[in-house]
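J.: Sharing a structure here in structure tokens format.
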Amino acid sequence: TLVGTTTAIWLSVIRSRVRHLESGLQLVLGTIDHTLSEAHLQTAVKSLLRDKMVNAWLPFGIGATEAMGREELVLLLLRKASASDEPWKTIAAAIEKIAGKSPANLLKEVEIAMLQEEAADPKSPSSIWRTRALAKVAPELTARLFAQFDDIMTRTDDNTAYSTKIVSTLLALVFLAVYPVNALEMITRLAAEKTVATTLAEQAAKTKDQSQLLTAVRKQGMFGDVFDQPNAFWTGIHAECGNSAICNLTTAPVRALSQPGVLVTWVLLGMGAPFWQGLLDRLLGLRSKITAKTEDERAQRAAQT
């Protein structure tokens, strides 16, 4: 919990998800015109993700959304490209070259087509109305943006998960240097002392107070002595290194990971929260609302074709 929470906070501070999304959307927008400069693409994407229609709730344009749908991207792009300043002036010229119409006119026609689709088929989700309207009014532009959108967004998710694993691994090393938890010892105790495991399971079912559960776990010795005697580990290191701060800080991770059980703990923690969340999803059938909605929309689009 400590490693996962700290990782999430740090990735939020450095806006890891937003940065990966920006890189992915730059590749998507680059399909409009391969001559668009990287500076134009960066400025355009940053403007899209911070638009008030999406999520720019923080002052000074700091806020940025961490998700962008296909149809939402095209509609927002057309609205933005109607502006006369750079980089939108250049992007508007590229869009007009592809579609034969200005972004402003395209947007008006798409909105009217969306309304017509809704009136003709009110039971379908809005994503279907948007897709049909875009395919009717601006098929060439939509095809270019949609062609690799899903694949690029999937890679964006993979890159974000990879960043999470790296940060989790580093933070887990710091955590284990302070509290060298031995996973093998914990598992061995649970397996050997079935009564202990049963008692802890019964207590977990009866109470929601995590502090009581932690106290019970400590009393049963499931964490060994790392929490009850946190200074024992550092006492040995200090005896070896003396007052050398560098020696203390560099020796702690080495001595901690020299224990096979602690090394296993590091590997498990380094897998990151997304891995364990995915494992729980598979074991318990849990899915996030966003994931479920995305999958449902893809299924509905497939059913319409």
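The values are calculated or read from the model by the stated rules, or taken from the named source; none is laboratory data. Source: prediction; values computed, not measured. Cβ placement follows ideal geometry from the backbone for every residue including glycine, while neighbour counts extend to all protein chains displayed. For accessibility, only protein heavy atoms count, side chains too; no ligands or nucleic acids. Shrake-Rupley method; radii C 1.70, N 1.55, O 1.52, S 1.80 Å.
J.: Ignoring ligands, DNA and RNA, please state the percent of accessible area on the range 1-149 from carbon and sulfur, probe 1.4 Å. Mind showing how you got there, number by number?
T.: Values: 4530 of 7840 Å².
Carbon plus sulfur share of accessible area: 58 percent.
J.: Quick one: of 46/165; 165/206; 46/108; 52/80; 108/136, which pairs are farther than 22 Å apart, Cα to Cα?
T.: Over 22 Å apart, Cα to Cα: 46/165; 165/206; 46/108.
J.: Roughly how many Å² is the accessible area per residue of the range 82-207, as a whole number, for a 1.4 Å probe? Display every interim value, and only then the final one.
T.: Working: 7090 Å² over 126 residues.
That works out to 56 Å² for each residue.
J.: Here is a follow-up. Starting from the residue with the highest accessible area, list 51, 121 in decreasing order, probe 1.4 Å. Show your work: numbers first, answer last.
T.: Working: 51 15, 121 40 Å².
The most accessible residue leads, giving 121, 51.
J.: Between residue 215 and residue 151, with labels modelled 7 Å along Cα→Cβ, what's the label distance in nm to one decimal, could you check?
T.: Going by the 7 Å Cα→Cβ label model, 5.8 nm.
J.: Any idea what the relative contact order of the range 1-145 is, in percent, if you count C-alpha pairs under 8 Å spaced at least 6 apart? Please report the intermediate quantities before stating the final value.
T.: Values: 131 pairs, mean separation 29.0, N = 145.
The normalised contact order for the range 1-145 reaches 20 percent.
J.: What is the extension gain from residue 188 to residue 72, computed as 0.36 nm multiplied by their sequence separation minus the C-alpha to C-alpha distance, in nm to one decimal?
T.: Numbers: separation 116, 0.36 × 116 = 41.76 nm, distance 5.22 nm.
Full extension of this stretch gives 36.5 nm more.
J.: Ranked from the most accessible area to the least, with a 1.4 Å probe and all protein chains present, what is the order of 31, 6? If you can, show how the numbers build up before the last one.
T.: On the way: 31 35, 6 55 Å².
Output order, biggest surface exposure first: 6, 31.
J.: Keeping all protein chains in the complex and leaving out DNA, RNA and ligands, what accessible area do you get for residue 202 with a 1.4 Å probe, in Å² to the nearest 10?
T.: 100
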